[in-house]
Amino acid sequence: MLAHLVGIWILLTGGKVKSRGIILNVNNKRITNAVKYHLFSQKYEIQEFNLIQKYFQPNIDVVEFGGGIGFISCIIGKKINPLNKHIVVEPNPFLLRLLNSNRILNSCSFEILNRAYSSTPGFVTLDVSGPFESSRIDINSSDTVQIESITLRDIIDQFVLDQFLLIIDIEGAEFDLLKQEFDTLVHHCPLILIEFHDQGLSRVKFVSKLESAGYSSFENGDVYTFIREDGFKPIDV
């Protein structure tokens, strides 16, 4: 009930909400009252926010798979050195106008790509039937769109990247990336943030594999930070 009331109040007062220094336009039917409430109560994406506050350093390029409404993108966009590259990949076409609006509201300059991660070239079938945070590759959904795929290697080549922070929040497709582009990831990413969407053995397998490749791992709920041995130390150290 409280989330419902807060959501209505936000829309009646202009459709914008301020959360931890970021102003977000949330006037979109795909944003639930629960998300509006979590933004208002400063709890939205709290795990990712805390990890970025602790580990992010401004002089590094950034690639985000899963931009959503732009909260994390804008948090980083306000911190990153203007000379560094910041690429945000968001597959849901119904979020692009909102994501761009929030980029402008927060004076950020990240690049937005309307692509979906897949290791297979071509197009993927994206489920857009529910709230924005549930968009995922699903050929069985009753409400889908076709989105061109992109790989991590594609982005590295297109933007001429070397070492960069990689953020992954792609509703289960993280396992495709970890399986098919593991060597590329290890070579280019000293710092990785992943939200896992699986409670089973796949998560355990890839956490162990990254640790064996020289990463230290730090867990915060479903969100993990992986730091390569030659990577970053916490800012407060």
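The numbers here are math on the coordinates, done by the rules we state, and not lab data. Every value quoted in this text rests on a predicted model; they were computed, and no experiment measured them. For neighbour counting, all protein chains shown are included, and Cβ atoms are generated from backbone atoms with ideal geometry for every residue, glycine included.
Dividing the mean sequence gap of close Cα pairs (under 8 Å, 6+ apart) by how many residues the chain holds gives a relative contact order of 16 percent. Nearest 10 degrees, 0 to 90: what angle lies between the long axis of helix 2-12 and the longest principal axis of the chain (Cα atoms)? Roughly 70 degrees between the two axes. Ranked by the mean number of other Cβ atoms within 10 Å per residue, highest first, peptides 217-230, 34-47, 163-176 order as 163-176, 34-47, 217-230.
Quote the Stokes-Einstein diffusion coefficient, in whole µm² s⁻¹, for the stretch 1-44, based on the Kirkwood radius over alpha carbon pairs, a temperature of 4 °C and a viscosity of 1.567 mPa s.
Numbers: Rh = 10.0 Å.
Diffusion coefficient, whole number: 130 µm²/s.
Sorting the segments 204-212, 107-115 by their residues' average number of neighbouring beta-carbon atoms within 10 angstrom, most packed first, yields 107-115, 204-212. What net charge is computed for the residues neighbouring Leu105, neighbours being all others with C-beta under 11 Å from the C-beta of Leu105, Lys and Arg scored +1, Asp and Glu -1? So the environment of Leu105 carries a net charge of +3.
Once Rg and Dmax of the Cα atoms in Å is worked out from the coordinates, which option in [x] 19.2, 62; [y] 17.3, 52; [z] 19.8, 70 does it equal? Read-out from the structure maps to [y]. For the stretch 58-167, the Cβ-based charge dipole about the Cα centre amounts to some 360 debye (Lys, Arg positive; Asp, Glu negative; other atoms uncharged). Given their separation in residues at 0.36 nm each and the Cα-Cα distance between them, Lys79 and Leu5 gain 23.4 nm when the chain is fully extended. Based on the convex hull around the alpha carbon atoms, the stretch 147-237 presents an average projected area of 6.5 nm². Rounded to the nearest 20, the Cβ-based charge dipole of the chain about its Cα centre (Lys and Arg +1, Asp and Glu -1) stands at 980 debye. Projected label points at Thr125 and Arg97, each 7 Å from Cα along the beta carbon direction, are separated by 2.7 nanometres. Select from Leu177, Ile60, Ser41 the residue farthest towards the positive end of the dipole of the chain; place +1 on Cβ of Lys and Arg, -1 on Cβ of Asp and Glu, and compute about the Cα centre. Selected residue: Ser41.
So which of Lys18/Lys209; Lys29/Lys79; Lys36/Lys209; Lys85/Lys209; Lys29/Lys209 end up more than 31 Å apart, counting from Cα to Cα?
Working: Lys18/Lys209 39 Å; Lys29/Lys79 29 Å; Lys36/Lys209 36 Å; Lys85/Lys209 28 Å; Lys29/Lys209 40 Å.
As for pairs spanning more than 31 Å Cα to Cα, those are Lys18/Lys209; Lys36/Lys209; Lys29/Lys209.
When only the Cβ of Lys, Arg, Asp and Glu is charged (+1, +1, -1, -1), the dipole of the stretch 1-99 relative to its Cα centre reaches about 300 debye. Think of it as helices only: each DSSP H run of n ≥ 4 in the chain is worth -39500 (n - 2.57), and spread over all residues that comes to -9500 deg cm²/dmol at 222 nm.
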